[in-house]
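To start, the structure under review is shown below, and the notes come after it.
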Amino acid sequence: MSAVQSRAQPAHLLLLQSGLTVGARQHLALADCRDAVVMWRLALILGWFDIRLRYRGSLLGPFWLTLSTAVMVAALGILYSKLFRMELHDYLPYLALSLVLWGFLSTLVSDACGCFTGAEGMIRSMRMPHSLHAVRVVVRNLLILAHNVVVIIAVYAWFDVWPGSVFLLALPALLLWTVDGLAVCLLLGPVCARFRDIPPIVASVMQIAFFVSPIIWKPDLLQGKAGALMLLLNPFYTLLEIVRAPLLGAVPSGPIWASALGYSLALWVGAWLLFARVRGRLAFWV
Amino acid sequence: MTRVIADGVHVDFPIYHGNSRSLKRTVFAAASGRLQADARQRIVVHALRDVSLSLGSGDRLGLIGANGAGKTTLLRTLAGIYEPVQGRVEVEGRIGALLDPNLGMNPELTGRENIALRGLYNGLARPAIARLEEDVHDFAELGEFLDLPMRFYSSGMIVRLGFALATAIRPEVLLMDEWFLAGDAAFMDKATARLEAMVREAEILVLSTHSLAVVTQWCTRVVRMDQGRVIDDGLPQEVVDRYLGVEQAADPAATVAVG
């Protein structure tokens, strides 16, 4: 028999026990995340296959994403610049950037809902770290974002507006997004697996968030102290702004970063506590 | 040291059908004290009740019992997919689980891509994945089909691919459900040879099946389950004889069906 030997690994020991303390659960949840990190290549490939599958047999492949975003940006840009009486030169780069970034956030949140239910087949046929499915969702969405960045660059080049070196400030913000994305998956994934009517609720919340946050309209339309406070309390705005502002050549203010970090921290704590609590039950829920 | 230990394992399945799964119902139930008791009374299936087992190197355990006796749940629990609500499971050794025919493979991906995913799952490096592909290709004899999406495969092809894949990574503990018996006769011969070679190397096999012939041929020990409990445990011939004895007492015609 010719068999492929697994790469030398430390002794495989599987230990499942009931009646765990809170501390032991945290420990197992941590081990779950560590195992997912070890399998990072699998997560990358799974995310990449997801995109490739969606466009298998199509001529443009994943660049359909780019094309559809480009068409939407052009159509909305021309219409809204007339509606809001704004210079296309000023408005279109803002809109292109906002739409692409918002597209990432909203798809990530809606994918997070199906993070575990969508992987039912894998979850029920072998033991794997549950957080791997969260990494897969985030990887898939980052790859989609990478395809859409082409649209932003094209708009910048067309109007010859470049943000300058300030754009580097968007990098730590994107890192925060990645970590937040994993947390959203670990929070919404189990909840949506347990309660099947959460995904539609999440979808409508995201739709409302799209209209109440400055995405197609500019934040400076909201004036006065009350307006500024409203913006700062909106997690979608502050999280969006920490990436968007540097890419438009501005430095996000301290309060905006503070708000984004505060909401992120709350998200992580919530996601972690929930995930550690329900990790062992997930296989029964999907 | 390869071993499998289950100690007083209980596994409960919550059944969230229709309404009890809905948020609305839970919220309303929490809001009104009268309904609370109702919502708390989830329907739970006791899939495994106080199951204890201990297996060491070279053991080949057959699980028999009626449908719904808990055989597959026990395999899933030993594979670490379901975690016990009570008790302890300890498995030392690399686990290979052949639980359902598609093995968590994605039917939209080609056989080759699914092999690569399985290789990555097992922590193989690129050259090892290439060898794995070759090994599975030779054994499963899928030819050109290996490069087609798996949804075009016949069920026999899926079984062949799954079996080849699960045994190629050479698990130390192989947990197998009976579906693999769906292969054609020629494949069964190959499969038997491959599995025997594997088990000869002092690994552990846990096989769930309805076929008493398979159990007596392959296993060194048999556990009979009923309603989530272990009700008999011993050498294959003994357990099978007792099983047939019970069947015969209940219905003399049954021996014909199971024999």
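The values are calculated or read from the model by the stated rules, or taken from the named source; none is laboratory data. Model, not experiment: these values are computed from the prediction. Methodologically, a virtual Cβ is constructed for each residue, glycine included, from the backbone with ideal geometry; neighbour enumeration extends over all protein chains shown. What goes into the accessible areas is simple: the full protein's heavy atoms, side chains included, and nothing from ligands, DNA or RNA. Shrake-Rupley method; radii C 1.70, N 1.55, O 1.52, S 1.80 Å.
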**Fill in**
So the B/A interface buries, both sides summed and with a 1.4 Å probe, an accessible area in Å² (nearest 100) of 4800
**Request:** Please calculate how many Å² of accessible area the protein assembly as shown carries per residue, with a 1.4 Å probe and no DNA, RNA or ligand atoms counted.
**Result:** 46
**Reach of A:Lys218 by Cα under 17 Å, taken over aspartates and glutamates that are not fewer than 8 positions away in the same chain** = A:Glu87, A:Asp90, A:Glu241
**Item:** Partner chain coverage, peptide B:78-90 - average Cβ within 10 angstrom
**Value:** 6
**Three-way shape label, the protein assembly as shown, alpha-carbon gyration tensor, a/c 1.5** = prolate
**Fill in**
Rounded to the nearest Å, the spacing of the alpha-carbon centers of the range B:122-167 and the range A:196-210 is 41
**Complete:** P(r) of the range A:103-171 over all Cα-Cα pairs, 5 Å bins starting at 0, rounded to whole percent, reads 3, 14, 18, 17, 14, 11, 8, 7, 5, 3, 1
**Fill in**
Under the 7 Å Cα-to-Cβ spin-label approximation, A:Tyr55 and A:Arg281 lie apart by a distance in nanometres of 4.0
**Qualifying aspartates and glutamates (Cα of each under 18 Å from Cα of B:Lys71; at least 8 residues distant if same chain)** = B:Asp7, B:Asp12, B:Asp50, B:Asp59, B:Glu83, B:Glu90, B:Asp100, B:Asp177, B:Glu178, B:Asp226, B:Asp232, B:Asp233
**Asked** Along the charge dipole of the range A:169-286, which of A:Trp268, A:Leu169, A:Trp257 sits closest to the positive end, that is, farthest toward it, with unit charges on the beta carbon of Lys, Arg, Asp and Glu (+1, +1, -1, -1)?
**Response** A:Trp268
**Complete:** the range A:84-127 and the range B:59-75 have their Cα centres apart by a whole-number Å value of 44
**Item:** Global geometry of the range A:207-286, whether rounded, prolate or oblate, following the gyration tensor of its Cα atoms and the 1.5 cut on a/c
**Value:** prolate
**Request:** Would you work out the relative contact order for the range A:72-168, in percent, from Cα pairs under 8 angstrom that are 6 or more residues apart?
**Result:** 32
**Request:** Give the percent of DSSP beta bridges with both residues in the protein assembly as shown that are antiparallel, rounded to the nearest 5.
**Result:** 65
**Complete:** Taking a straight Cα-to-Cα line shorter than 13 Å from B:Lys190, and setting aside same-chain aspartates and glutamates fewer than 8 residues away, one finds B:Asp138, B:Glu141
**Distance histogram in 10 Å bins (all Cα pairs of chain A, percent per bin)** = 6, 25, 32, 22, 11, 4, 1, 0
**Complete:** Once phi for every residue in the range A:201-214 is put through the Karplus expression 6.51 cos²θ - 1.76 cosθ + 1.60 (θ = phi - 60°), the whole-Hz ³J(HN,Hα) values, with Gly and Pro written as x, are 5, 4, 4, 6, 4, 5, 5, 5, 4, 4, 7, 7, 9, x
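Return the carbon/sulfur percentage of the accessible area of the range B:96-248, one whole number, probe 1.4 Å, all protein chains in place. Spell out each step's value before the answer.
Details: 3160 of 6040 Å².
After summing per-atom areas, the C and S share lands at 52 percent.
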**Prompt:** With every protein chain kept in the model, how would you rank A:Lys82, A:Lys225 by accessible area, 1.4 Å probe, largest at the top?
**Reply:** A:Lys225, A:Lys82
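List the trypsin sites (Lys or Arg not before Pro) within the range B:59-156 that fall in a DSSP loop (any state other than H, G, I, E or B) and whose Cβ has at most 11 other Cβ atoms within 10 Å. Provide the component values of the computation, followed by the final result.
Values: sites: B:Arg60, B:Lys71, B:Arg76, B:Arg88, B:Arg94, B:Arg112, B:Arg118, B:Arg131, B:Arg151; in loops: B:Arg94.
In loop regions of the range B:59-156 (DSSP not H, G, I, E or B), there are no sparsely surrounded trypsin sites (Lys or Arg not before Pro).
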**Complete:** Nearest 10, in degrees from 0 to 90: the angle of helix A:131-159 to the longest Cα principal axis of chain A is 20
